[in-house]
1. Quick one: what pairs do we get from segment 230-247, first residue free of Cβ contacts under 8 Å to residues at least 12 places away in the same chain and closer than 26 Å to residue 280 by Cα, second in a helix (DSSP H, G or I) and of a type in the set (Gly, Ala, Ser), C-beta under 6 Å, 6+ apart or different chains?
2. When you go through 264, 244, 257, 276 one by one, which is the residue that is outside any strand (DSSP E or B), surrounded by fewer than 16 Cβ atoms within 10 Å (Cβ to Cβ) and within 20 Å of the chain's Cα centre (by Cα)?
3. Conditions first: (1) more than 18 Å from residue 229 (Cβ to Cβ); (2) open to solvent by less than 50 Å² (accessible area, probe 1.4 Å). Residue 32 passes all but one, so which condition is the exception?
4. Suppose we keep only residues that are surrounded by fewer than 16 Cβ atoms within 10 Å (Cβ to Cβ) and touching a residue at least 60 places away in the same chain (Cβ under 8 Å) within segment 68-78. Which one would you say is nearest to residue 283 (Cα to Cα)?
5. Does any residue in segment 21-39 that is in a helix (DSSP H, G or I) come within less than 6 Å, Cβ to Cβ, of a residue that is among the polar types (S, T, N, Q) six or more places away or on a different chain, and which pairs are these?
6. When you scan segment 224-232, do you find a residue that is under 27 Å from residue 177 (Cα atoms), touching a Cys at 6+ places or on another chain (Cβ under 8 Å) and of a type in the set (A, V, I, L, M, F, W, C), even just one?
7. Could you identify the single residue in 179, 175, 152, 251 that is among the aliphatic types (A, V, I, L, M), modelled with pLDDT under 95, out of contact with any helix residue (DSSP H, G or I) (no Cβ under 6 Å at 6 or more places or on another chain) and open to solvent by 80 Å² or more (accessible area, probe 1.4 Å)?
8. Taking the condition of being assigned to a helix (DSSP H, G or I) and either open to solvent by less than 10 Å² (accessible area, probe 1.4 Å) or among the acidic types (Asp, Glu) (or both), how many residues in segment 40-52 meet it?
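The values are calculated or read from the model by the stated rules, or taken from the named source; none is laboratory data. All values reported here derive from a predicted model rather than from experimental measurement. Please note: Cβ atoms are built from the backbone with ideal geometry, for glycine as well, and neighbour counts cover all protein chains shown. Note: accessible area is taken over every heavy atom of the protein model, side chains too, but ligands, DNA and RNA are not part of it. Shrake-Rupley method; radii C 1.70, N 1.55, O 1.52, S 1.80 Å.
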Amino acid sequence: MPLVSMNEFLPKAKANKFAVGQFNMNNLEFAQAITDAAIEENSPFIFGVSEGALKYMGMEYTVAIAEAAAKKSGLPIALHLDHGSSFEVAMKCIRAGFSSVMFDGSHYTLEENIRLTKEVVKAARAMGVSVEGELGTIGGVEDDISVDEEHANLAKPEEAIRFYEETGVDCLAIAVGTAHGMYKGEPKIHYDIIEQVAKAVPVPIVLHGGSGVPDEAIRLSIAAGVGKINVNTENQVACTEAIREVLAKDANVYDPRKYLTPARKAMVEVVKAKIRLFGSSNQA
């Protein structure tokens, strides 16, 4: 099956009150683990690729790995640019074969964010590519860009609704209290903001910073209108812990397959658990 836009499954997620996971692809083992877990659960999913990961893997390898996963699995998979910083980066990804892009204009004024997002939507729609927009500032660390809690701004519902109406994005990431990376305490998610926006717009709300959020908070977020949830840090932690465990047991291990195989298995378990929690099992 070829790669698909998020519109192949997000409308169903919104209608049936489940969420589809975006799991970041950082290398081949991440891609394999995510795909194997989704095959077991018969779930659609989104490969998220940050600009940093794109530089690390290379555009050609990134697209080829995602296309191989879609062909092997037969599942509806979107290859999605995560936190795209410009129109030019989004278009480069679309030309290379990405089926979905995010333009993150959250650091601009509302008017400028709307103007720039509209340009991306217009070009992407002509190519059958889905677009995610963002409003408000999400805290934490993403690709070495750090936003402390003091400067993380919650999205205003009326602005989020206007943003959707003027841009026509296919899903909307709004800052509601989550953060990138792992949490020191429990995040305070503003379900009222999710609910107010979700009732007013026909597309799903996106929850960034899904790693480490308690299961009950995830369930409440989905009930409020979240239809896409991003997870990366939990897979990174599981991968690294498995590698450390192998190397700590035997300092003579040098074959990467000896430590990457258990790392991949650890990530499969993380992704399977998330898919079940999100309710997307058997929704492919």
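1. As it stands, the answer is none, since no pair meets every condition given.
2. Exactly one of 264, 244, 257, 276 is outside any strand (DSSP E or B), surrounded by fewer than 16 Cβ atoms within 10 Å (Cβ to Cβ) and within 20 Å of the chain's Cα centre (by Cα), namely 276.
3. (2) is the only condition that residue 32 fails.
4. If we take residues in segment 68-78 being surrounded by fewer than 16 Cβ atoms within 10 Å (Cβ to Cβ) and touching a residue at least 60 places away in the same chain (Cβ under 8 Å), then 74 is nearest to residue 283 (Cα to Cα).
5. Qualifying pairs under 6 Å: 35/73; 39/73.
6. Keep residues of segment 224-232 that are under 27 Å from residue 177 (Cα atoms), which gives 224-232.
Then drop every residue that is not touching a Cys at 6+ places or on another chain (Cβ under 8 Å), which leaves 227-228.
With of a type in the set (A, V, I, L, M, F, W, C) added as a condition, the list becomes none.
No, there is no match, as no residue in segment 224-232 is under 27 Å from residue 177 (Cα atoms), touching a Cys at 6+ places or on another chain (Cβ under 8 Å) and of a type in the set (A, V, I, L, M, F, W, C).
7. Details: 179 fails: open to solvent by 80 Å² or more (accessible area, probe 1.4 Å); 175 fails: open to solvent by 80 Å² or more (accessible area, probe 1.4 Å); 152 fails: open to solvent by 80 Å² or more (accessible area, probe 1.4 Å).
Being among the aliphatic types (A, V, I, L, M), modelled with pLDDT under 95, out of contact with any helix residue (DSSP H, G or I) (no Cβ under 6 Å at 6 or more places or on another chain) and open to solvent by 80 Å² or more (accessible area, probe 1.4 Å) holds for just one of 179, 175, 152, 251, which is 251.
8. Within segment 40-52, residues that are assigned to a helix (DSSP H, G or I) and either open to solvent by less than 10 Å² (accessible area, probe 1.4 Å) or among the acidic types (Asp, Glu) (or both) number 3.
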